[in-house]
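The values are calculated or read from the model by the stated rules, or taken from the named source; none is laboratory data. Here the structure is a predicted model, which is why all the values come from computation and not from measurement. Cβ: placed from backbone, ideal geometry, glycine included. Neighbour counts: every protein chain shown.
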């Protein structure tokens, strides 16, 4: 079905095609994408929307010498296919396979590794300046979506770039704004005209002549802005210092290629605005682009989800669903509750809450820093904000958490999703560090639930707490625990023994302190070793009394967490034990288990845990080894 695409193993071969062949190539690339992602899962709608753009960029620019920098990177499957990784797409997001996002180590065409939004303009500007310093004519192109343009970092980069003369092109891939009326034959003609060498030569010459007459220069500048503003929505970007071009139909290959050819001849910062359709060419994805943004395996003919044969008949709620249910229930009880998310409504489980309480729901866009300070302002005046955010995205608002919330001891609840390893999304999305970077902050309570019911009760506990609280929970299904609808606060800083030692006469008494999602594996290891197993529940404050009690009659204290070992929950226990040792003048043997000091590649979650020694066998083996040392 893809005879032309099968001949393309590099952009050099793509550039040898005749232009009339590119429409066929786009059709075949789209078919290949649908078939490939149907088998592996991954991002689909965003990739279908940039097929023509990807072809045009590689056709016009001399990649990899010219730099293409993709924002977020979930739309780079066509780019991967055209840059020699077509056969590897069957391994997409699988162990030892290619990543779902750009990776510098994967290909010379992946000029900048990414998976978080709004970094492309900054990175491409850096590359443009590097080329300028080296005296090279190399071009740098940032491709950014309209969603990523909601982040402050993108505008910081625009502000900086507009003040330079570096050869930077920013392509705004707009697939959501209501500007469809601007797309069409007339607009494409205007865009080609505004990007042409003739227009820009006349424009530059006019500026040179008029520069000797400042009043006339100012008049001409204002006239130009008003004329362009009547037909083009680019005044904002012109004010940043960019030459704005567009909007243009992002699925019209001829218009794209002509415009990019013209822009390539221009100097300084350029801004090309294109309009595309998410899910283009696959009707189910066109009808529901959100559903097909990130998908599992599906039927490529009708878009129906493929159900795994290993699926059980007993449905288990995800932690995300537990949070969504709790938020709506809590909102019914307390009208002060406000739900906030930085552009992750569906992923964070806020859909039902947003529909039921639209006036109390705020999606602030991809602006994590703003989300936290926005919540801080609300908390100052008596509201009770709940911020639904992924662990990996909370990292981007660390200063705001410390300075704007914790320092002022404000009542804000952080519902931290995707804690720990996240499987196929890999190290860019893994919540490997939150316990470490949170617990050093004063005035914060940190909780980690071991099952769905505990998650619900911890969210209630954190909401009732008069200060900043965080509940961090993993991605995916829970354990199948019965969820109690009645909400009760958990006593602050209390742990619970889930399994006591049966052989109290043993000379080797082991206590396993489990944090969050590791409890099931710890209980299995505890059964094998006859160890005390504790569900710690709180990372901060710790149950100091229980830890001291365990230290009195156990020969080995083991901590287990799905977080990096360095500075994590285990470190907190070690600090507590050090104080006990100093008081009792007795050495307490310890072992801290968690994620190693490295970025962990994408794969299957259970396998990844096993490779880190965090399945029950790995935990038991590590403890047995520690006993004999």
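Yes or no, residue by residue, for (1) modelled with pLDDT under 95; (2) in contact with a helix residue (DSSP H, G or I) (Cβ under 6 Å, 6 or more places away or on another chain); (3) in a helix (DSSP H, G or I):
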residue: 359; (1), (2), (3): no, no, yes
residue: 365; (1), (2), (3): yes, yes, no
residue: 371; (1), (2), (3): no, no, yes
residue: 377; (1), (2), (3): no, no, yes
residue: 389; (1), (2), (3): no, no, no
residue: 394; (1), (2), (3): no, no, yes
residue: 398; (1), (2), (3): no, no, yes
residue: 403; (1), (2), (3): no, no, yes
Seminar exercise, completed: Note on the range 321-351: residues under 15 Å from the mean Cα position of the chain (by Cα) and buried (at least 23 other Cβ atoms within 10 Å of the Cβ) are 341, 342, 348
For this session: Output yes when any residue across the range 471-486 is assigned by TED's automatic domain parsing to the domain that holds residue 395 and out of contact with any strand residue (DSSP E or B) (no Cβ under 8 Å at 6 or more places or on another chain), and no when none is.
Result: no
Exercise. When you go through 23, 69 one by one, which is the residue that is over 25 Å from the mean Cα position of the chain (by Cα) and closer than 23 Å to residue 259 by Cα?
Worked result: 23
Seminar exercise, completed: Sole miss for residue 381 among (1) over 15 Å from residue 444 (Cβ atoms); (2) touching a residue at least 24 places away in the same chain (Cβ under 8 Å) is condition (2)
Exercise. Is it fair to say residue 519 is at pLDDT 95 or above, buried (at least 23 other Cβ atoms within 10 Å of the Cβ), under 24 Å from residue 419 (Cβ atoms) and assigned by TED's automatic domain parsing to the domain that holds residue 610?
Worked result: yes
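Residue-by-condition table, conditions (1) crowded, with 21+ Cβ neighbours inside 10 Å; (2) out of contact with any strand residue (DSSP E or B) (no Cβ under 9 Å at 6 or more places or on another chain); (3) assigned to a loop (DSSP other than H, G, I, E, B); (4) in contact (Cβ under 8 Å) with a residue 12 or more places away in the chain:
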| residue | (1), (2), (3), (4) |
| --- | --- |
| 411 | yes, no, yes, yes |
| 428 | no, yes, yes, yes |
| 438 | yes, no, no, yes |
| 449 | yes, no, yes, yes |
Problem set entry | Sole exception among (1) surrounded by fewer than 17 Cβ atoms within 10 Å (Cβ to Cβ); (2) out of contact with any helix residue (DSSP H, G or I) (no Cβ under 6 Å at 6 or more places or on another chain); (3) under 30 Å from residue 242 (Cα atoms) for residue 265, by number | (2)
Exercise. So, of the residues in the range 495-519 that are in a loop (DSSP other than H, G, I, E, B) and touching a helix residue (DSSP H, G or I) at 6+ places or on another chain (Cβ under 8 Å), which turns out to be nearest to residue 615 (Cα to Cα)?
Worked result: 515
Seminar exercise, completed: With criteria (1) at pLDDT 90 or above; (2) surrounded by fewer than 17 Cβ atoms within 10 Å (Cβ to Cβ), residue 312 comes up short on (1)
Problem set entry | Filter result for residue 327 (in contact with a helix residue (DSSP H, G or I) (Cβ under 6 Å, 6 or more places away or on another chain), under 28 Å from residue 42 (Cβ atoms) and part of a helix (DSSP H, G or I)) | no
Exercise. Do the conditions hold for residue 151, that is, is it crowded, with 24+ Cβ neighbours inside 10 Å, out of contact with any strand residue (DSSP E or B) (no Cβ under 9 Å at 6 or more places or on another chain) and at pLDDT 85 or above?
Worked result: yes
